[in-house]
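A short worksheet on the structure shown next.
The values are calculated or read from the model by the stated rules, or taken from the named source; none is laboratory data. None of the values given here were measured: they were computed from a predicted structure. As a convention, Cβ positions derive from the backbone with ideal geometry for all residues, glycine included, and neighbour counts pool all protein chains shown. The protein model used for the area step is the full one, side chains on, heavy atoms only, and it has no ligands, DNA or RNA in it. Shrake-Rupley method; radii C 1.70, N 1.55, O 1.52, S 1.80 Å.
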Amino acid sequence: QVQFVESGGGLVQPGGSLRLSCAASTNEIRFVTIAWYRQAPGKQREWVASITRSGQTDYEDSVKGRFIISRDTAKNTVYLQMKTLEPEDTAVYYCNKFGSPWRWGQGTQVTVSS
């Protein structure tokens, strides 16, 4: 089964930027829609953004215009460029197949705080 390794998180001030990476263990991600999800403390995991095999993207309303999802099929990697970060973006971020997820990775912590 595909395994994911998320990275790129950290502590950033409000208004700052981060770029998250999601490396997959196989090239199976080329054939499915891949999504970024996040889980804030005390909340359920929620969908943030997704990208189809053809490159079409979709975003949760609160991140539209601030986040950009992209993929590098040669590297089996999906990215999430985040800018104008807000404290409400603080969460552990995960990537996975959209809809019917595979095994979850460890995620990467994003903390937005002054």
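Remark: pairs (first residue in the range 30-43, more than 17 Å from Thr108 (Cα to Cα); second residue open to solvent by less than 30 Å² (accessible area, probe 1.4 Å); Cβ separation under 6 Å; 6+ apart in sequence or on different chains) = Thr33/Ser50.
Quick one: in the range 1-26, of everything that is open to solvent by 70 Å² or more (accessible area, probe 1.4 Å) and outside any loop (DSSP other than H, G, I, E, B), which residue is nearest to Thr90 (Cα to Cα)? Explain how you work it out, then say what you get.
Here is the first cut: in the range 1-26, the residues open to solvent by 70 Å² or more (accessible area, probe 1.4 Å) are 1, 3, 5, 11, 13, 19.
Now restrict to residues that are outside any loop (DSSP other than H, G, I, E, B): 5, 11, 19.
Numbers: Val5: 19, Leu11: 9, Arg19: 14 Å.
Looking at residues that are open to solvent by 70 Å² or more (accessible area, probe 1.4 Å) and outside any loop (DSSP other than H, G, I, E, B), I get Leu11.
For the range 57-114, a residue qualifies if it is open to solvent by 50 Å² or more (accessible area, probe 1.4 Å), among the small types (Gly, Ala, Ser) and closer than 20 Å to Glu28 by Cβ, and the qualifying residues are Ala74, Gly99, Ser100.
Given the criteria in contact with a helix residue (DSSP H, G or I) (Cβ under 8 Å, 6 or more places away or on another chain), of a type outside the set (Val, Ile, Thr) and not in a strand (DSSP E or B), does Ser54 qualify? No.
Scanning the range 1-29 for residues that are at pLDDT below 95 and of a type in the set (Val, Ile, Thr) yields a total of 3.
What are the residues in the range 31-65 that are farther than 17 Å from Val78 by Cα and of a type in the set (Ser, Thr, Tyr), if any? Answer for the range 31-65, where residues must be farther than 17 Å from Val78 by Cα and of a type in the set (Ser, Thr, Tyr): just Ser62. Residues that are touching a Phe, Trp or Tyr at 6+ places or on another chain (Cβ under 9 Å), open to solvent by 40 Å² or more (accessible area, probe 1.4 Å) and within 22 Å of Leu85 (Cβ to Cβ) within the range 27-45 comprise Gln39, Arg45, listed in sequence order. Six or more apart or on different chains, Cβ under 6 Å: which pairs go from a residue in the range 59-74 that's within 14 Å of Cys95 (Cα to Cα) to one that's in a loop (DSSP other than H, G, I, E, B) and not β-branched (Val, Ile, Thr)? Could you list them? Close Cβ pairs satisfying both conditions: none exist.
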